[in-house]
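Working notes, beginning with the structure itself.
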Amino acid sequence: MGETFLPKHILDGSNFGIWEPRMKAELQARKLWQTVNEDLVAPTDEKVLEAYNMKNELATSMIFRAVSDEVLLMISSSNSIKEAWDRLKKIYL
């Protein structure tokens with residue numbers, strides 16, 4: 001998870017069908033897909049919570065860097081990265 005993510009493809013609104021599986025694969029490779037795909041309850045244990053927050057922040061950073069400015073404006077107010085991902089699916093599927 002320490003390597004920098006530099007997206008090769010940016011979601012611009014017209015390419016969700018191609019962008020989604022690529023983004024999912026990137027998140028899976030970094031063990032972050034569960035953060036995006038499942039309704040997770042924040043843990044109460046401090047160390048576990050820290051790891052949970054770090055994964056959420058990494059997934060958020062990856063997705064926010066892989067979308068256009070216009071798309072970012074549509075999802076940046078989401079309360080979680082799962083909510084942002086679900087918004088993207090609702091808009092583009």
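Before moving on, here are some points about what is shown:
- Count of region 7-56 residues, restricted to those that are of a type in the set (A, V, I, L, M), in contact (Cβ under 8 Å) with a residue 40 or more places away in the chain and within 21 Å of residue 67 (Cα to Cα), is 4.
- Of residues in region 11-43 being among the basic types (Lys, Arg) and in a loop (DSSP other than H, G, I, E, B), the one surrounded by the most Cβ atoms within 10 Å (Cβ to Cβ): 30
- Residues satisfying the stated conditions in region 63-83, i.e. buried (at least 18 other Cβ atoms within 10 Å of the Cβ) and either at pLDDT below 95 or on the phi > 0 side of the Ramachandran plot (or both): 81, 82
- The condition (being farther than 24 Å from residue 15 by Cα and either of a type in the set (Ser, Thr, Tyr) or touching a helix residue (DSSP H, G or I) at 6+ places or on another chain (Cβ under 8 Å) (or both)) is satisfied by just one residue among 42, 59, 51: 42.
- If you go through region 84-93 and keep only what is open to solvent by 60 Å² or more (accessible area, probe 1.4 Å) and over 13 Å from the mean Cα position of the chain (by Cα), you end up with 90, 91, 93.
- Pairs, first farther than 15 Å from residue 10 by Cβ in region 73-93, second of a type in the set (Ser, Thr, Tyr) and surrounded by 11 or more Cβ atoms within 10 Å (Cβ to Cβ), C-beta under 7 Å, six or more apart: 81/35; 81/60; 84/78; 87/78
- Here 47, 8 are screened, and the one residue that is basic (Lys, Arg) and part of a loop (DSSP other than H, G, I, E, B) is 8.
The values are calculated or read from the model by the stated rules, or taken from the named source; none is laboratory data. None of these values were measured; they are calculated from a predicted model. For neighbour counting, all protein chains shown are included, and Cβ atoms are generated from backbone atoms with ideal geometry for every residue, glycine included. These accessible areas exclude ligands, DNA and RNA; they are computed on the full protein's heavy atoms, side chains included. Shrake-Rupley method; radii C 1.70, N 1.55, O 1.52, S 1.80 Å.
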